[in-house]
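Down below is the structure, laid out as C-alpha cells.
Any read-out appearing in this document is the output of simple, stated calculations on the displayed coordinates, not a laboratory observation. Computed from a predicted structure; not experimentally measured. Cβ atoms come from the backbone with ideal geometry, glycine included; neighbour counts cover every protein chain shown.
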Amino acid sequence: MPIPEYTETGAAVRYHPPVGEPATIVTALRWDEGLELLDQRALPQRERWIPIAGVAAAVRAIRALTVRGAPAIGLAAAYALAEEVRRDPDLGRLRRAARRLAAARPTAADLAHAVAAVMAAVEAAPAAERFAQALAAARRLHAADAAACLAIGRQGAALFPGPVALLTHCNAGALATGGIGTALGIVRALHAEGRLARLYACEARPVLQGARLTAWEAGRDGIPVTLLADSAAASLLASGAVGGVVVGADRIAADGAVANKVGTYALALAAARHRVPFVVAAPTTTFDLACPSGAQIPIEQRDGEEVRRVRRTAIAPAGVDVYNPAFDVTPPELLTAIVSQRGVARPVTAATVQEIA
C-alpha cells in the first residue's frame, strides 16, 4: 500500500505496492529538506514544484489553490507548521501562526484537524525538540491518510459488483490526498482488480479540477477516462452507461450531510432520479460531528474572477455580478453510502455516520 516511508535523513521514499494492489505515481506534496507542493494551478500543461517556507507561504498556496483537496490541504498545513517551528520554536508566535493557517479555507474539516494535531505535539515538547516532534506529527498524518485512502478504496470497490463504469466530480484523487485518493481510491481499486470499465470525469467549473486534474491523474496511471461538461452529467446518468457516482467530501456533518465541490448536489439529484448509486468517500478527519447538519457547514465564497475568466481569458462582461460558492451541501437522503477507513454507512443516517466517523 502506498504509505510514505522515510530514510534516516528524513527524505521520503516511495512505496512500491505488490502487483494487483491499487497504486499511483501521482503525489501532491513532498518533504525532503523542506515542504514542496506540486502547483496544481499549472496542471496539466506543466509539472512545477514550489518550495513552501513556512505558514505565510502555505496560507497563500492554500487560498490560491496551489494545493487543494481537504486531506492534502491538511497535510500541507501540517508540514508548513513544522517548517515554521524549525524557523522559530516560540510558542506564542506558533499559536498565532496556527490560527491563521487553520482559517485559510473555512469549509474543509481536515485543515483544522491537522493544525491541531501538530500543535499538540509542539505544545508537549521542550523547545529543543519541537521541530522534530512537529515533523514527526506531520509524517504520522501523512502515513495515516495514505492508509485511510487504501482502506476506503477497497471498501468502496466492494460496493460495486462486476465490471462497472463510474462518474466522478472535481478531483478526489492523489492530488487531493496523501495516498491513492478517496473517490479515486475506489476507482484505482476497481482498476487494479480489472473491474473498472471506464471513469467519467465532470469538468468541474469554474476552476476545472476535473478537466485539468482528474483527467491528468487518470492518464498518468493508465486509467481509461472520458471527460464531460458538467451539464452533460444528467443525460449520461439517464443513458444507463454509468453504474455509480463516487465523490469526495470537504466536510461531513453529524447527520450525514456532505459539503463537496459545487455541482455535487445537482449530480446527486440526477443520480437519485435515475436510481444510480451515489457514494461519498472520505477519511475520518473529514467528519465533523460537532456540526449537527448541513445547514451549519460554512460555505466558502470565492472571487468572481474565477467565473468571469478561464485562466487569463475573459468570458463574461467585466464587473458582472457573480455567485461563486466553492462548495454545496448534499443532504443524506440523496446518498447511497458514505465510506471511511472505518467502514460503510448505509443507509446514511446520524447513527450510521457516528459508527464510521
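Hey, quick one: spin label on Gln301, modelled 7 Å out along Cα-Cβ, who in the stretch 318-357 has an amide N within reach, i.e. under 19 Å? Taking a point 7 Å out along Cα→Cβ of Gln301, the residues of the stretch 318-357 whose backbone N falls under 19 Å are 319-329. Two decimals, Cα atoms only, Kirkwood Rh: what is Rg/Rh over the chain? Radius of gyration over Kirkwood radius for the chain works out to 0.96. Between Glu33 and Ala116, the simple spin-label model (points 7 angstrom out along Cα→Cβ) gives 3.6 nm. The separation of the stretch 89-108 from the stretch 114-133, counted between C-alpha centres, amounts to 13 Å. Each of Arg275 and Ala290 was given a label point 7 Å from its Cα along the Cα-to-Cβ line. The distance between the two points is 4.3 nm.
In plain terms, the residue of Tyr200, Tyr323, Tyr79 with the fewest other Cβ atoms within 10 Å comes first and the most crowded comes last, giving Tyr323, Tyr200, Tyr79.
In the chain, helices alone account for a calculated mean residue ellipticity at 222 nm of -11000 deg cm²/dmol, with every DSSP H run of four or more residues adding -39,500 (n - 2.57). Per-residue extension of 0.36 nm, minus the Cα-Cα distance of Ala238 and Ile25, leaves a gain of 73.3 nm for this segment.
In whole angstrom, the stretch 254-357 maps to an equivalent ellipsoid with semi-axes of 31, 15, 11, each derived as √(5λ) from the alpha carbon gyration tensor and ordered largest first.
Mind checking Rg over Rh on the stretch 5-149, alpha carbons, Kirkwood formula for Rh? Walk me through the intermediate numbers first.
Values: Rg = 14.8 Å, Rh = 15.4 Å.
So for the stretch 5-149, dividing Rg by the Kirkwood Rh gives 0.96.
Rg and Dmax over the alpha-carbon atoms of the stretch 151-356 stand at 16.4, 50 Å. Translational diffusion coefficient of the stretch 200-288 (Stokes-Einstein, Kirkwood radius from Cα pairs, 20 °C, 1.002 mPa s): 155 µm²/s.
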